[in-house]
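Notes for the one structure printed next.
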Amino acid sequence: MIRISTAALAASLMLAATPAPAATYDLITIGELRAVFQNAGLSVSTTSSNDVMSVGNGFVWVTDCRSDGRCAEINFFNNYADVRPTLAAVNEWNNTKKIPEASLNTDGTLHMEMWMSAIGTTDTNIVDTFRWFEAYAADTTFWGRFIS
């Protein structure tokens, strides 16, 4: 007969319920980022640029890259062709919301972006930050009055 103590059973159940540790990055490649987003169930596709990919409804760009393709900065951005805010509205957003940052494209449409460091970040942090960016940048309560 096998006997398992209550403490041993509780410890084994806790270990079984503990999620796998998140991968931590010092620098990240576009390929590693692609895998992070795909593993999170997000749709990912390539663009005409080697350092930009389409993720969900937005885009991800890596910058400050070394010659081996490992990068220190991640930029989330999106352009909204149907949103034409005034400069005053963009300034109001930037003075009250801070992130993500709003700007006007040369054609008068809305551009939103947010940066994060790849140094010391985790796959979980990258995905959570991207999802937050997508939800927050698409704030129709604020930008809805400018949708054409």
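Assorted remarks:
- Residue count for region 84-96, restricted to those that are within 21 Å of the chain's Cα centre (by Cα) and touching a residue at least 24 places away in the same chain (Cβ under 8 Å): 1.
- Residue pairs whose Cβ atoms lie under 9 Å apart, separated by 6 or more positions or on different chains, with the first residue in region 106-132 and surrounded by 18 or more Cβ atoms within 10 Å (Cβ to Cβ) and the second assigned to a strand (DSSP E or B) and of a type in the set (Asp, Glu), are 111/101; 112/101; 113/101; 114/101; 118/64; 118/73.
- Check on residue 42, farther than 30 Å from residue 22 by Cβ, among the aliphatic types (A, V, I, L, M) and either surrounded by 13 or more Cβ atoms within 10 Å (Cβ to Cβ) or in contact with a Phe, Trp or Tyr (Cβ under 8 Å, 6 or more places away or on another chain) (or both): no
Where a number appears in this text, it was derived from the coordinates with a stated rule and is not lab data. Remember, predicted model here, so these are calculated numbers, not experimental data. For neighbour counting, all protein chains shown are included, and Cβ atoms are generated from backbone atoms with ideal geometry for every residue, glycine included.
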